[in-house]
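One structure is given here, and the rest of the page talks about it.
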Amino acid sequence: MATVELQGVTKIFDKTVKALDQISFTVQNGKFFVLLGPTGAGKTTTLRAIAGLEKIDHGKILFDEEDVTTAQPAARDTAFVFQQYSLYPHYKVYDNLAFPLRSPLRKVPEQEINSKVTKIAEMLKISSKLNNKATELSGGEMQRVAIGRALVREPNIYLMDEPLSSLDAKLRESLRVELKNIQLNLGATILYVTHDQAEATTMADQIGVLENGKIAQIGSPEEIYNNPNSIYVANRLGSPKINIVKNSVLSSIISTNAYQLGLRPEHIKLGQGDLSASVKTVEALGAETVVELEYNGIEMLCLYQGSFDGQRGDNIKFAIDQSKVLFFNEDGNKIL
Amino acid sequence: MDTSRSPLEPSGFSRKLAATIIIVYMVVTLIPITWIVATSFKSVDSAISYPPEVFFEPSLEGYVNLFTNRSRQPKEYLDSLPPPETWYEELVRSREMVITGPSKFIGRYSNSLIIGFGATFLSVFLGALAAYAFSRFKVPLKDDLMFFILSTRMFPPIAVAVPIFIMYRKLGLGDTHLGMIILYTVVNLSLAVWLLKGFMDEIPKEYEEAAMIDGYSRMQAFFKVVLPQAMTGIAATAIFCMIFSWNEYAFAVLLTQFNAQTAPPFIPTIIGEGGLDWPAIGAGTTLFLIPVMIFTVVLRKHLLRGITFGAVRK
């Protein structure tokens, strides 16, 4: 495992489209780094650049301070889990898992391959499927084989491109936990790409938020959540989404020169304080309830602990936890 | 009324109609072939009898004549010989002839095998490499090059027979196996590139990328991962190339005579006493059909296996 560092990596497609613009970040050895961003932000391109599948136009990629910017994919010794699981359909599951170990670069003896494959198959609970053809698996099994094919090796870094996005919710949750455990047990360095904030917050040691090919912010999940440096970043984490309102709306209680305010739904306290709003919708989630309020002509989501016994049209008192309010300027950047 | 049928399945009537059309088509195409196979088992006399004999006493005379050279001998000489040792000698003797040696058929037949399979292998191999390059790499003027490759088939190959004849004579490629393999490869290559490019385009590039990250070079990834998945296309292409090279007649007549002559120009020239030896020609044609038939049947399972790209989510 290695520390992977990107310095000012820029990738331009078709001479005009800047897919990556001066990307710089470091994945420390043994850490779980998540790149978070919507479709088209450059997450996959970043992974492909690190793996050597895309040539970059500017910048450097370093593995343990060694420059690999121009090295061939095979020479970089990374492991990649693709979004489309891309198992080799003409091989059995066993041979799929053994494939990287049989590379002419590694020449691992068959006996050792056997023990490694067996171990990984057990860990991922696919032992009974080893003799199946790759095409005779369910989606979840295929994805576990694809992850297994990466885990049989000890590469410099594991690169994972939304590996769970094609699975159903239940399987996704359990694999998420499994993956984090595996990472902790192996001390693996993982760069994980996703647009799913739950995956990012549950697994990451560090999150890098991408915006249009640029790094918007890097930090621990708590930092990104509590201290986003722009509205864009604030929108990436938190469910329900953060409320962004103009300062005029809350001028009666908060005096500020900030143009916009960010209010997390859980920081709006219902049934207390002296502000009054009407209830628009009530969405019961079990342990919590999402309540949509209308106040001063704008809608705000708030998260209520427990079940909420109000309904549409009710008037309700609420208060705002002023110490948690985030302040942004006209461009959506944070004001200290 | 049958209501258990799913709307996606054809109705009983359309099934029957389809079967009828196929059977009629089969009868039409199989009559000449059946006649040739039947002729190969006739005696020389019954092959040319009029009206044609549909039921006849089978004989292996045609096959014996195909594989041997014979000469007619006077009865006294035949009587002076020791009794025939094998069934085919006996058959020839009964026609008052002796076997003077093997015919050229086996040589011509092996020429066909060498040239047919050689050209097929080469066309498919080179075609696959070119198709992969066109499918994956940024080739300058890609579309123009692909069109140029296709345009080589826009005239019948025989249109360039004269220049090729002169060129082959100058290069010493006339009447050689290599010359014929090169010629048939060249003719087949454009078809192979076009067919295979379509199949290569269908194979997601993630497979090679995964293999390259897993420690294989692009070439190794091509052989280990891409080619096995292109099997359907390779089988289809190989069948087309094989059928062309195996059946090609005009260039074979023009460019080969002794050393590299293939079976097609040879078979119709099998001459018996007083005219063409129809049973022997029938026998030659029947044997000639077999390799390409086996080849097609063997590869057919890859054709039918069809599009089973199951392991990539699209």
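The values are calculated or read from the model by the stated rules, or taken from the named source; none is laboratory data. This structure is a prediction, so every number in the text was calculated from the model and none was measured. Cβ: placed from backbone, ideal geometry, glycine included. Neighbour counts: every protein chain shown.
Find all pairs meeting these conditions: Cβ atoms under 8 angstrom apart; at least six residues apart or on different chains; first residue within region A:202-222 and modelled with pLDDT under 95; second residue in a strand (DSSP E or B) and acidic (Asp, Glu).
So the pair list comes out as A:Asn212/A:Asp21; A:Gly213/A:Asp21; A:Lys214/A:Asp21.
Taking the condition crowded, with 17+ Cβ neighbours inside 10 Å and part of a strand (DSSP E or B), does A:Gly273 pass?
Values: crowded, with 17+ Cβ neighbours inside 10 Å: no; part of a strand (DSSP E or B): yes.
No, not satisfied.
Identify, please: which residue in region A:76-113 is in a helix (DSSP H, G or I) and touching a residue at least 12 places away in the same chain (Cβ under 8 Å) and is, among those, nearest to the chain's Cα centre (by Cα)?
A:Arg76
Out of B:Glu61, B:Glu76, B:Glu53, B:Glu9, which single residue is modelled with pLDDT of 85 or more and more than 28 Å from the chain's Cα centre (by Cα)?
Going through B:Glu61, B:Glu76, B:Glu53, B:Glu9 in turn, the sole match is B:Glu76.
Which of (1) within 28 Å of A:Val209 (Cβ to Cβ); (2) in contact with a Phe, Trp or Tyr (Cβ under 7 Å, 6 or more places away or on another chain); (3) assigned to a helix (DSSP H, G or I) does A:Val117 not meet, given it meets every other one?
Single failed check for A:Val117: (1).
Are any residues in region A:147-156 within 11 Å of another protein chain (Cβ to nearest Cβ), in contact with a Pro (Cβ under 7 Å, 6 or more places away or on another chain) and in a helix (DSSP H, G or I), and if so, which ones?
A:Arg149
Away from chain A (no Cβ under 14 Å) and surrounded by fewer than 17 Cβ atoms within 10 Å (Cβ to Cβ) - does that describe any residue in region B:197-206?
Among the residues of region B:197-206, at least one is away from chain A (no Cβ under 14 Å) and surrounded by fewer than 17 Cβ atoms within 10 Å (Cβ to Cβ), which makes the answer yes.
Could you run through region A:21-46 and say how many residues are over 14 Å from A:Glu211 (Cβ atoms), under 13 Å from the mean Cα position of the chain (by Cα) and not in a strand (DSSP E or B)?
1
Rundown of residues vs (1) at pLDDT below 90; (2) of a type in the set (Val, Ile, Thr); (3) in a helix (DSSP H, G or I), yes/no style:
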{"position": "B:Phe155", "(1), (2), (3)": "yes, no, no"}
{"position": "B:Val162", "(1), (2), (3)": "no, yes, yes"}
{"position": "B:Ile182", "(1), (2), (3)": "no, yes, yes"}
{"position": "B:Val187", "(1), (2), (3)": "no, yes, yes"}
{"position": "B:Leu191", "(1), (2), (3)": "no, no, yes"}
{"position": "B:Pro204", "(1), (2), (3)": "yes, no, no"}
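With A:Lys18, A:Lys55, A:Lys11, A:Lys60 as the choices, which residue is basic (Lys, Arg), more than 17 Å from the chain's Cα centre (by Cα) and within 14 Å of chain B (Cβ to nearest Cβ)?
A:Lys55
A:Val177: more than 9 Å from every other protein chain (Cβ to nearest Cβ) and crowded, with 22+ Cβ neighbours inside 10 Å, yes or no?
No, not satisfied.
Determine if region A:116-137 includes at least one residue that is buried (at least 22 other Cβ atoms within 10 Å of the Cβ) and touching a strand residue (DSSP E or B) at 6+ places or on another chain (Cβ under 8 Å).
yes
hydroxyl-bearing (Ser, Thr, Tyr) and free of Cβ contacts under 8 Å to residues at least 24 places away in the same chain, is that true of A:Thr45?
Considered against the rule, which asks whether it is hydroxyl-bearing (Ser, Thr, Tyr) and free of Cβ contacts under 8 Å to residues at least 24 places away in the same chain, A:Thr45 comes out as no.
Filter region B:207-232 down to residues that are at the interface with chain A (Cβ under 7 Å from one of its Cβ atoms) and of a type in the set (S, T, N, Q) and give me whichever is surrounded by the most Cβ atoms within 10 Å (Cβ to Cβ).
B:Gln229
Scan the strands (runs of 3 or more DSSP E) fully inside region A:157-239 and keep the ones with 2 or more residues being over 12 Å from the mean Cα position of the chain (by Cα) and closer than 23 Å to A:Gly140 by Cα.
A:157-161
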